[in-house]
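A.B. asks: The structure is given below, and queries will be raised subsequently.
Derivation of every value follows stated rules applied to the coordinates shown; laboratory data play no part. Remember, it's a predicted structure, so these values are computed and weren't measured experimentally.
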Amino acid sequence: MKNLVLYIVAGVVALAVVVGTATLVARAVAGNAPGVNNTGGTEGQGNADMAKGKTVALKPFVTNLADTDRPRYINITFELVLPDEEAVTAIQAYIPSIRDTILVILNSKKSLEVSGLEGANKLKSEVLTKVNDSVPGKKVMQVLITDSVVQF
């Protein structure tokens, strides 16, 4: 009984460390760390592409991953950076298709593929490519991950 309690406490602590680390990495990758403004550029620095862009926040995605050893899920939120307000208006009609595209991508990934800086960057790149393929005019300039938790 004493060992069981010890294992449970160790598991909870390990889970907290993993979730905290994943959140910090995701925020750093997304440019949502402290000292960063809503346009994606660091405060005090003029990121020309981002300063001109407008963002569209998508509702969070909570879905299963493709791991076969045991069920795992991801809870992730994306923002799409568009060139102007006209593009924001035009893309609104495609939000259901964009969400479907992103869900298909997420469901095909294993937990290790979407973890860490490299995984987040690859995921953002793939989402950008696939979303632009599904939206006329390739209007999306950048994909931001604004929140992310992967169950391990």
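A.B. asks: If you stretched the chain out fully between residue 133 and residue 70, how much longer would it get, using 0.36 nm times the residue separation minus the C-alpha to C-alpha distance?
C.D. replies: Between residue 133 and residue 70, full extension yields an extra 19.5 nm.
A.B. asks: Could you give the length gained by full extension between residue 57 and residue 104, i.e. 0.36 nm per residue of separation minus their alpha carbon distance, to one decimal place?
C.D. replies: 15.1 nm
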